[in-house]
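The values are calculated or read from the model by the stated rules, or taken from the named source; none is laboratory data. Quantities reported herein were computed from a predicted structural model and do not represent experimental measurements. Here the Cβ positions follow ideal geometry from the backbone for every residue, glycine too, while neighbour counts run over all protein chains shown. The accessibility values were calculated without ligands, DNA or RNA, using every heavy atom of the protein model including side chains. Shrake-Rupley method; radii C 1.70, N 1.55, O 1.52, S 1.80 Å.
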Amino acid sequence: DQQVKQNSPSLSVQEGRISILNCDYTNSMFDYFLWYKKYPAEGPTFLISISSIKDKNEDGRFTVFLNKSAKHLSLHIVPSQPGDSAVYFCAASQGGYQKVTFGTGTKLQVIP
Amino acid sequence: KAGVTQTPRYLIKTRGQQVTLSCSPISGHRSVSWYQQTPGQGLQFLFEYFSETQRNKGNFPGRFSGRQFSNSRSEMNVSTLELGDSALYLCASSLDGRGPGELFFGEGSRLTVL
């Protein structure tokens with residue numbers, strides 16, 4: 001049972017434009033949502049997170065939006081840069097970080 | 001500050017063998033988690049250790065086991081290897097595994113089972 005779903009395995013965006021990565025979840029008990037970025041041959045690195053009591057969190061070029069009623073979150077990257085090309089994982093946790101549930105990832109390619 | 005270190009980075013085993021992977025967390029981090037990454041499956045949670053105790057376990061068979069030492073270093077073991085165990089095994093550490101914060105991942109150990 002995939003509790004965190006990323007339905008788009010890949011996304012291509014022109015440099016300077018907005019990248020929007022989407023994620024859906026089924027477990028209403030998740031209380032924290034995170035995005036991780038992964039480059040080839042490296043481990044995932046934390047990007048941004050949002051608490052379930054908020055609907056938006058912004059950090060520089062990265063903004064995460066949470067729609068609890070739709071059980072949907074999205075990551076916006078504006079403007080997109082070639083260095084943003086990576087696999088992005090959506091993740092969720094419940095009651096702390098002991099067990100984080102990850103999506104299958106979306107490969108973002110930013111075209112110069 | 002040194003990051004999470006995993007050894008070995010690459011290894012090849014044959015079916016039926018067993019393997020041990022090692023993880024050294026960031027200094028001061030006491031929680032260590034293990035994840036399996038396979039194509040199309042994302043990262044799947046294996047288990048999490050804190051102060052030498054397994055606090056949480058994912059839905060993997062008993063062939064997958066782990067332990068944590070008093071210095072917070074952790075090992076995971078897979079016995080009777082199967083072809084489907086071929087994956088990237090990632091270790092992540094955090095201060096105490098509780099509350100908001102992020103996981104710090106190592107580069108992973110890529111296991112190939114022939």
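Okay, here's what the table says:
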read-out: Solvent exposure ordering (accessible area, 1.4 Å, most first) of B:Phe104, A:Phe89; value: B:Phe104, A:Phe89
read-out: Computed magnitude of the charge dipole of the protein assembly as shown (debye, nearest 20; Cβ of K, R +1, Cβ of D, E -1); value: 240
read-out: Complex-versus-alone comparison for segment A:65-110, residues with a loss of 30 Å² or more in accessible area, probe 1.4 Å; value: A:Phe89, A:Tyr97, A:Gln98, A:Lys99, A:Val100, A:Phe102, A:Thr104
read-out: Carbon plus sulfur fraction of accessible area for segment B:28-110, probe 1.4 Å, in percent; value: 46
read-out: Dipole magnitude of segment B:1-93, debye to nearest 20 (Cβ charges: Lys/Arg +1, Asp/Glu -1, about Cα centre); value: 120
read-out: Extension gain from B:Thr53 to B:Gln18, taking 0.36 nm per residue of separation minus the Cα-Cα distance; value: 10.3 nm
read-out: Where chain A is the region considered: accessible area per residue in Å², 1.4 Å probe; value: 47
read-out: Charge-dipole axis of chain B as Lys and Arg at +1 and Asp and Glu at -1 on Cβ define it, positive-most pick from B:Ser74, B:Gly108, B:Phe47; value: B:Ser74
read-out: Quarter of Cα convex hull surface for the protein assembly as shown, i.e. mean projection, nm²; value: 12.2
read-out: Computed over chain B: relative contact order in percent, which uses C-alpha pairs under 8 Å that are six or more apart; value: 37
read-out: Average beta carbon contacts from partner chains per residue of A:31-42, 10 Å cutoff; value: 2
read-out: Solvent exposure ordering (accessible area, 1.4 Å, most first) of B:Val4, A:Val78, A:Val87; value: A:Val78, A:Val87, B:Val4
read-out: Per-residue ³J(HN,Hα) for segment A:19-35, Karplus 6.51 cos²θ - 1.76 cosθ + 1.60, θ = phi - 60°, Hz, x for Gly and Pro; value: 9, 10, 10, 10, 8, 10, 9, 10, 8, 6, 8, 4, 10, 8, 10, 9, 10
read-out: Per residue, in Å², the accessible surface of chain B once ligands and nucleic acids are set aside, probe 1.4 Å; value: 47
read-out: Computed magnitude of the charge dipole of segment A:24-77 (debye, nearest 20; Cβ of K, R +1, Cβ of D, E -1); value: 60
read-out: Choice from A:Ala91, A:Ala70, A:Ala41 showing the highest fluctuation, given a GNM over chain A with Cα pairs closer than 10 Å; value: A:Ala41
read-out: Residues listed by number, segment A:74-110, amide nitrogen under 14 Å from A:Ile18 label point at 7 Å toward C-beta; value: A:74-80
read-out: Charge tally in the Cβ shell below 13 Å around A:Gln81, where Lys, Arg are +1 and Asp, Glu are -1, A:Gln81 excluded; value: +1
read-out: Volume per residue that the Cα convex hull of chain A spans, once the total is divided by residue count, Å³; value: 99
read-out: A/B buried area, accessible surface, summed, 1.4 Å probe, Å²; value: 1800
read-out: Too-long pairs where the Cα-Cα distance tops 24 Å, listed order kept, from A:Lys5/A:Lys37; A:Lys54/B:Lys57; A:Lys99/B:Lys13; value: A:Lys54/B:Lys57; A:Lys99/B:Lys13
read-out: Normalised contact order of chain A, rounded percent, pairs of Cα under 8 Å and 6 or more residues apart; value: 37
